[in-house]
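Asks: Can you read through this structure? Questions will come right after.
The values are calculated or read from the model by the stated rules, or taken from the named source; none is laboratory data. As the structure is a computational prediction, the values presented were derived from the model and not from experiment. No Cβ is skipped: glycine too gets one built from the backbone with ideal geometry, and neighbour counts run over all protein chains shown. Note: accessible area is taken over every heavy atom of the protein model, side chains too, but ligands, DNA and RNA are not part of it. Shrake-Rupley method; radii C 1.70, N 1.55, O 1.52, S 1.80 Å.
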Amino acid sequence: MKTSTITDSKKKKNVLIEATAAAIWLLLWQIVSSVIALPLLLPSPVMVIKRLWELCMTLSFWMTVATSCIRVLIGFFGGVLFGTVLAVLAWRYVFAQAMIRPLIGVLKATPVASFIILALVWIQTEQLATVVSMIMVVPLVYHNVKEGLDSADVQLLEMAKVFELSRIKTFRACYLPAVLPFFLSALTSALGFAWKSGIAAEVLGRPLMAIGKQIYDSKVYLETTDLFAWTVTVILLSVLLEHCIVCLTKMLAKKSVRVKRG
């Protein structure tokens, strides 16, 4: 009971510190904006919040947000699936690992902008954010899953052979507890990469109904307040999606602990 009270107190203290830090940054933003006194260069926080509220009152805003989220999330989950499959193949077969390793190296080394420009040659702009997001996710998931498989407890594997456990039971008892921490860590990091690269792809590709297109148009037409409002939208959505993934990872982690105990 005492430990729980201390934990709650620490959480409240952390929330207060973070809120204070955010307020200080907003105050600094307001001061700099007031000194410059040119909304075209730097609109005030009040102007940005007001414009964001106006955008939230329109149906097109929510349709744009939903479309961009769907594109990026499809790419994210596609990258997670593809990266996991490649990791399992590379871990299981030496020849597959030799074939996959150069591909992963190329995906890691090539700049995001190069992928976007190359993809524009081959695919439609509506699929660009999905493809680029998936490409960014694959290497991260691949390395984490493969590392998790390699770290499986050898003694547990030997015991599984002695007791002649089935492949499914061996996976649940030996490989799942080893892989899951690496996999969950990859999910949280990969989502950030997928979101940022997906929005960047929309900025360059400018598909219809896309946050990236709105950011680009705001810059072209010198609508700086809109540019800041859409940028704040991207940040808030990133935090929200990351929070959802963290909740998902905690649920999976709890299930992993139950499986390990079982």
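Asks: If we count every other residue with Cβ under 14 angstrom of CYS69's Cβ, Lys/Arg +1 and Asp/Glu -1, where does the sum land?
Replies: Charge balance in the 14 Å sphere: 0.
Asks: Moving on to the next point. Quick one: among GLU18, GLU147, GLU126, which has the greatest mean-square fluctuation in a GNM of the chain with alpha-carbon springs under 10 angstrom?
Replies: GLU18
Asks: Follow-up. So how much accessible area does PHE182 have, in Å² to the nearest 10, using a 1.4 Å probe?
Replies: PHE182 has an accessible surface of roughly 60 Å² with all protein chains in place.
Asks: Mean-square fluctuation check for the chain, GNM, Cα pairs under 10 Å: which of ALA98, ALA194, ALA186 is largest?
Replies: Taking springs between Cα atoms under 10 Å, the residue moving most is ALA98.
Asks: Quick one: helix 224-261 against the long Cα principal axis of the chain, what's the angle to the nearest 10°, folded into 0 to 90?
Replies: 20 degrees
Asks: For VAL131, what charge total do you get from the other residues with a beta carbon under 14 Å from its beta carbon, if Lys and Arg give +1 and Asp and Glu give -1?
Replies: -1
Asks: Add -39500 (n - 2.57) for each DSSP H run of 4 or more in the chain, then divide by its residues: what number comes out at 222 nm, to the nearest 500 deg cm²/dmol?
Replies: Rounded to the nearest 500, the figure is -29500 deg cm²/dmol.
Asks: Beyond a 23 Å Cα-Cα separation, which of these cross-linked pairs lie in this structure: LYS108/LYS250; LYS108/LYS169; LYS146/LYS250; LYS196/LYS219; LYS10/LYS50; LYS50/LYS196?
Replies: Too far apart for the 23 Å limit: LYS108/LYS250; LYS108/LYS169; LYS10/LYS50; LYS50/LYS196.
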